[in-house]
Amino acid sequence: MAVTDRRFWYAMAGIVALAFGLRVGLAAHFVGLDSPPDMEAQPDQIDYENGAYQLTQGRFMTLDDGTPTAKRTPGTALSLLPAYAAFGRSYTAGRIWFCLLSSLTCLATGLIALQLVGRRGALISAALLAIYPGHAYHAMHFVSEVPYGLWLASAAALSIAGVRRGGWKTLIGAGLCWGLAIHCRPQLVLLVPISVLVVALLYRWMQSSEWKLMARRFAVQAAVVAALIVPWLVRNQVVMGKATMSSISGLGLWGAHNALTFNNPGYRGDWARTSLLEQLTVPLPREEMAKDKEAWRRGMESIQANLGKMPLLIGTKLARFVWPFAETPNAIVRWAFALSWMAILPFIVWGALVTWKQSRDGAMIILLPTLATLATVVMFYGSIRFRDSIAPLFVAMAGIGMARCLAMIQAKVRTTTQDASVLHTMKASESEGEIRRAA
């Protein structure tokens, strides 16, 4: 290994260590490493943490009383399981483990940029994610964003390598990471039909042999994803009575499409709690699958009754997705999130344009999960959490944009220095000539 290679990997290891120390410090200071999950801070984490504990008791995705559930896909609980399997139900071990997963995401993000623009972009991307508040914040809680970010960034990095160079191990690894990411946040399953559509459309702009090669490499990844997803669907069909990814998607649909979100500007584009909607209408059934089915029905009825208002609602959802200010009473968190997002947004756009010009395959792989996330926003509601869930992809683009900016500045400085040197040489020659003529 060359010296420059060692320096690069040492620098990358240092960035991961910095990210880990920062995340552990934040969790210790603001939450407490040994504290249980806080329902008020992040209610979803109650299900994820309990799911990991139930796995250690030999029960796969059940409630406390042993009743099977499909509320959450198993990816986040499985990602937390190694810490609980090794140390028992230790909140300290779990939080430190999640901080480590979040820190390793910086490495995966750097590997995306490494393949697209080289080492400088890789180091900038990794360092940006290490200090990016929208990513570091979630490591303080047992939420899906932590493992999802790692599997998503790893999948993108492996998929870029696999689509470019092939290799069964790389393609299978990419498929495994995509599947694990879907198991952490099931809305990413929209990636599958979007990928099929994009690959089909590319047939018109690619040579037949190149298109077939790319399609085969995507198909390998898709087959691995299916191998991870289908067992969960079969389990839910057998145990729950319906082959569903999650039994709370209906609650999300109804929560985003109801009288409040269509008519109240304060809720428009956002999500209303089920408990509030039940107070305004009638309670949902208590049985899990029946509850989800009824919520889907109410959500679809609300959409059909307000079709004329859907464009405004969708526009508001997308605005909430990019809006820099988080809805939190904590001013420090709100401004940290906002300033960091506004600071990197121009570089994201620049980096995306650079990637599209230099590496269409890499740009496409980054674009696909981004489109899946935007489709989720359109189908359900807009939230900064959706944006922060794919922060590794955005930060990779920002790192690429910054790397290109620095390269342009350096080139300009070199050109200016060279011009100054030439001008100095010319002036010196003229002065010498004048002296000779005078003599």
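The values are calculated or read from the model by the stated rules, or taken from the named source; none is laboratory data. Just so it is clear, the structure is predicted and the values come from calculations on it, not from any experiment. Glycine gets a Cβ as well: all are built from the backbone with ideal geometry, and neighbour counts include every protein chain shown. Remember, those area values only see protein heavy atoms, side chains included, never the ligands or the DNA or RNA. Shrake-Rupley method; radii C 1.70, N 1.55, O 1.52, S 1.80 Å.
Rank-order 113-122, 81-90 by packing density, defined as the average count of other C-beta atoms within 10 Å over each peptide's residues, highest first.
Ranked by mean Cβ neighbours within 10 Å, highest first: 113-122, 81-90.
How large a share of the accessible area of the stretch 125-201, in percent, is made up of carbon and sulfur atoms when the probe is 1.4 Å and the other protein chains stay in place?
Heavy-atom surface of the stretch 125-201 belonging to carbon and sulfur, 1.4 Å probe: 78 percent.
Can you pull the percent of the stretch 211-324's accessible area that's carbon plus sulfur, 1.4 Å probe, other chains left in place?
67
Suppose we keep just the alpha-carbon trace of the chain; what are its Rg and Dmax in angstrom?
25.3, 107
Of the options 141, 265, 339, report the single residue whose Cα projects farthest towards the positive end of the charge dipole of the chain (beta-carbon charges: Lys, Arg +1; Asp, Glu -1).
Going by the charge dipole, the pick is 339.
Can you tell me the accessible area per residue over the chain, all protein chains present, probe 1.4 angstrom, in square angstrom?
Dividing the accessible area of the chain by its residue count gives 48 Å².
Helix-derived [θ] at 222 nm for the chain: sum -39500 (n - 2.57) over DSSP H runs of at least 4, divide by residue count, nearest 500?
-25000 deg cm²/dmol
Treating only the Cβ atoms of Lys and Arg (+1) and Asp and Glu (-1) as charged, compute the dipole magnitude of the chain about its Cα centre; round to the nearest 20 debye.
1240
Which order do peptides 138-151, 170-183, 44-57 fall in by mean Cβ count within 10 Å, highest first?
Highest mean packing first, the order is 138-151, 170-183, 44-57.
Sort the stretch 23-177 into rounded, prolate or oblate with this rule: let a ≥ b ≥ c be the square roots of the eigenvalues of the Cα gyration tensor; rounded if a/c is under 1.5, and if a/c is not under 1.5, prolate when a/b is larger than b/c, oblate otherwise.
Oblate.
Kyte-Doolittle mean at least -0.5 and Cα extent at least 30 Å along the axis: which DSSP H helices of the chain qualify?
Passing helices, by number: 3-26, 91-117, 208-239, 331-358, 391-438.
Over the alpha carbons of the stretch 184-336, what is the largest minus smallest coordinate on each principal axis, giving the biggest first in Å?
The Cα atoms of the stretch 184-336 stretch 58, 43, 37 Å along their principal axes.
Would you calculate the convex hull of the Cα atoms in the stretch 1-82 and tell me its volume per residue in Å³?
Value for the stretch 1-82: 134 Å³ per residue.
Taking the alpha-carbon distance from residue 71 and a cut-off under 20 Å, which lysines remain once sequence neighbours fewer than 8 residues away in the same chain are dropped?
242, 291, 293
When the accessible area of the stretch 45-99 is split by element with a 1.4 Å probe, what percent falls to carbon and sulfur?
57
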